[in-house]
Amino acid sequence: MIKEVSNYKISLDLKLVIKSYIKGRILDVGTGDGSKLDFILKGSDFKEVLALEPDSEKIVFAKRLFKNDGRVEFINTDVEHLSKDMGKFDVITMFEVIEHISFNSLDDFIERLKELLVEDGIIIISSPNRYIYRMICNLNLEKPEPTHLSEMNWLDLRRFMKKYFKEQCLKGELPGMSIVRKFPVFYDLFSLLNKNFAHPAVSRAVYWIGKK
């Protein structure tokens, strides 16, 4: 049972980059409790969002977050049910999802996402940076996620995504955001450090943006 919506944040420099690509019709894959989507969409100019999430409990909280925004529609389904019937999208967002797809299914999955994008459409994804993430887990600073099936380091993720899309941007987020989410007073300081020092090689998470 989910007791409350998570206090999701990403570094301000990442948020501003992502928001600069938000427009038109958006597909959000694996929207969770809606907090990621809410954080990114606030103040953004978009037409509508179709948000997919397999967890029915999380959907309840997501709907509450957007109860006053008729532009956002939620569908309780998993990523295996992507369909051309959903129409075309200007932007596809997928935060902390790709690592939950098995390596054997990744190529087919990304191909189906690509088919849902308009020409010159944008895809925005985030993923743990395997070596840094595993080091953090080994130090017991973060619990390893047992549902991760295809963790990649930043170079492998980059190579994989460039098979299907033209890279527009690659950014990293330093370790420590999980602490900042608990103590928001450090958000501005963390964002400043991230803006100046977060090379993907030393980042806990990687954000990749591509164009069809």
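Read the figures in this text as sums done on the coordinates, not as results from a lab. This structure is a prediction, so every number in the text was calculated from the model and none was measured. As a convention, Cβ positions derive from the backbone with ideal geometry for all residues, glycine included, and neighbour counts pool all protein chains shown.
For the reader, a short list of remarks on this structure follows.
- Of the chymotrypsin sites (Phe, Trp or Tyr not before Pro) in the range 109-212, the ones in a loop by DSSP (not H, G, I, E or B) with at most 16 other beta carbons within 10 Å are Y164.
- Shape of the chain, Cα gyration tensor, a/c cut at 1.5: rounded
- Oblate is the label for the range 42-89. Its Cα gyration tensor axes, ordered a ≥ b ≥ c, give a/c of at least 1.5 and b/c at or above a/b.
- In the range 1-103, the GluC sites (Glu not before Pro) that fall in loop regions by DSSP, at most 11 other Cβ within 10 Å: E4
- Placed amide H near I92: partners under 5 Å, 5+ positions off or other chain: L27, I122, I123, I124
- Each of N76, M135, I101 was scored by the projection of its Cα onto the charge dipole of the range 65-150, and the greatest displacement toward the positive side belongs to M135; charges sit on the C-beta of Lys, Arg, Asp and Glu.
- Taking other C-beta atoms within 10 angstrom as a stand-in for reagent exposure, V72, V60 fall in the order V60, V72, fewest first.
- In this structure the amide hydrogen of L149, modeled in the peptide plane, comes within under 5 Å of the amide hydrogens of H100, I101, none closer than 5 places in sequence on its chain.
- Listed from fewest to most Cβ neighbours within 10 Å, the set R181, R112, R204 follows the order R112, R181, R204.
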